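> Pasting in a structure now, in structure tokens, and then I'll have a few things to ask.
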């Protein structure tokens, strides 16, 4: 690498400069405070873990996007987290091991070998909340309501759409079909990508019954009226009916609490990593092509850590959200203080900083801050003079 391009970052990796970094950090704090006000306790999972605990039982897709390297101390393989949700499941099952319902929230950087979002590239900053210990639809409703409340807290003005589905419907229709594993994986991937040509091509390779079911399922997306259409399409499938009952119950609560949020029901909604087991959902902002938040139920992750617990949660991509979030009110102007060993000056600077003001010591005379105020000595007291505009 020549000296001319040493500043280049790897493809999909970015840096946040002061203004944007400050906006994102302020947003992170606001949203974590919002989660805390709902009873979610903050945790900080590690950036790296052994891959046999980070990825066990979570499917090949998460494995593929996880960056791995050999630990020089143990010789074992380490992975940099690509998704924080499984880590919180481990903390709930093993580190905390609490009885009853446990609510956790988190925020942190992740790293992916290939970008899953154009906006955030390979290094999304993920903020989320997880609820463990309840399989009730009330738990799913709470998680979705908390997720939507964070958009209100962020001051997002774009119209929101909640995209919701249920993994259990796909599983009920195809789990007992005895399809070739490779064909089943291709069908799942095609549904994830919403690739109509691939779905049509793969359908031709399936038995007639499963091909017909796939054609019916693919058509079930749109307004909440889709749920009634699904009941008519699969009346003899108890598991499908149970999943639709859950969707009905959750949507009724969510729409009552957030009547201005659009709802799009998609019963082929299989986006995200393959550890989800029930309701799955995402939030889209008008004018954006990819989801800003995703979540769902994942009831079987804890089993690999010795404690099988029902669980549901969501994660927000803060980088994708920050441009649409309203900044908080402008802070007070910075105060420029002269460089001096004067004890009274030091006391005045400390008092201002304790009160939340930004005080910058003038260590380079002649270099000014735009619109800054100044700390000056007047009649033996250090006082603030009005802003400058150099």
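> Suppose R0 equals 56 Å; then what is the FRET efficiency for residue 381 and residue 193 from their Cβ-Cβ distance, rounded to the nearest 0.05?
Working from the Cβ atoms, E equals 0.25.
> Between residue 96 and residue 212, what is 0.36 nm times their sequence separation minus the Cα-Cα distance? Round to one decimal in nm.
Additional length available on full extension: 37.1 nm.
> Let me ask something additional. Show me 240-251, 190-201 ranked by packing, highest mean number of other Cβ atoms within 10 Å first.
Most protected by this proxy first, the peptides run 240-251, 190-201.
> Also: Express in nm, to one decimal, how much length is gained between residue 231 and residue 119 on full extension, taking 0.36 nm for each residue of separation and deducting their alpha carbon distance.
Once the chain is fully extended between residue 231 and residue 119, it gains 36.6 nm.
> Then there's this: State the Cα centre-to-centre distance between the stretch 209-272 and the stretch 143-158 in whole Å.
Between the Cα centres of the stretch 209-272 and the stretch 143-158 lies a distance of 23 Å.
> Same structure, new question: FRET efficiency for residue 241 and residue 52, Cβ-Cβ distance as r, R0 = 30 Å, nearest 0.05?
It comes to 0.20.
> Give or take rounding to whole Å, what are the principal axis extents of the alpha carbon atoms in the stretch 335-385, in descending order?
Sorted from largest, the Cα extents of the stretch 335-385 read 24, 22, 18 Å.
> Could you rank the peptides 71-77, 159-165 by their average count of other C-beta atoms within 10 Å per residue, with the highest value first?
Ranked by mean Cβ neighbours within 10 Å, highest first: 159-165, 71-77.
> Just check the stretch 166-206 against the gyration tensor rule for me: Cα atoms, a ≥ b ≥ c as the square roots of the eigenvalues, rounded for a/c under 1.5, and otherwise prolate or oblate depending on whether a/b exceeds b/c.
Cα axes put the stretch 166-206 in the oblate bin.
> Just need the relative contact order of the chain here, percent rounded to a whole number, with Cα pairs under 8 Å and 6+ apart.
In percent, rounded to a whole number, it is 19.
> What is the stretch 183-296 by shape, rounded, prolate or oblate, if you read a ≥ b ≥ c off the alpha carbon gyration tensor as root eigenvalues and call it rounded for a/c under 1.5, prolate for a/b larger than b/c, and oblate otherwise?
Note, shape of the stretch 183-296 comes out oblate.
> Among (1) 22.2, 64; (2) 25.7, 94; (3) 29.2, 100, which one is Rg and Dmax of the Cα atoms in Å computed from these coordinates?
Among (1) 22.2, 64; (2) 25.7, 94; (3) 29.2, 100, the one derived from this structure is (2).
> Per DSSP H run of n ≥ 4, the term is -39500 (n - 2.57); total these for the chain, divide by its residue number, and report the mean residue ellipticity at 222 nm rounded to 500 deg cm²/dmol.
-10500 deg cm²/dmol
> Pairs of Cα atoms under 8 Å, at least six residues apart: use those to get the relative contact order of the stretch 1-150, whole percent.
Averaging sequence separation for qualifying contacts and normalising by length gives 25 percent for the stretch 1-150.
> Rounded, prolate or oblate: which fits the stretch 243-357, taking a ≥ b ≥ c as square roots of the Cα gyration tensor eigenvalues, rounded meaning a/c under 1.5, else prolate when a/b beats b/c?
Here the stretch 243-357 falls in the prolate category.
> Just want to confirm a number: the relative contact order over the stretch 335-385, from Cα pairs under 8 angstrom separated by 6+ residues, in percent.
Once divided by the residue count of the stretch 335-385, the mean separation gives 46 percent.
> Also: Between residue 68 and residue 360, what length comes free when the chain is fully extended (0.36 nm per residue of separation minus the Cα-Cα distance, one decimal in nm)?
Here the segment from residue 68 to residue 360 would lengthen by 100.9 nm.
> Residue 346 versus residue 7, label points 7 Å from Cα toward the beta carbon: distance in nm?
Inter-label distance under the simple model: 3.9 nm.
> Sort 346-357, 280-291 for me by packing, meaning the mean count of neighbouring Cβ atoms within 10 Å per residue, highest on top.
280-291, 346-357
Laboratory data are not the source of any read-out in this text; all were calculated from the coordinates shown. Since the model is a prediction, treat every value here as computed from it, not as a measurement. All Cβ positions, even for glycine, are placed from backbone atoms using ideal geometry, and neighbour counts span all protein chains on display.
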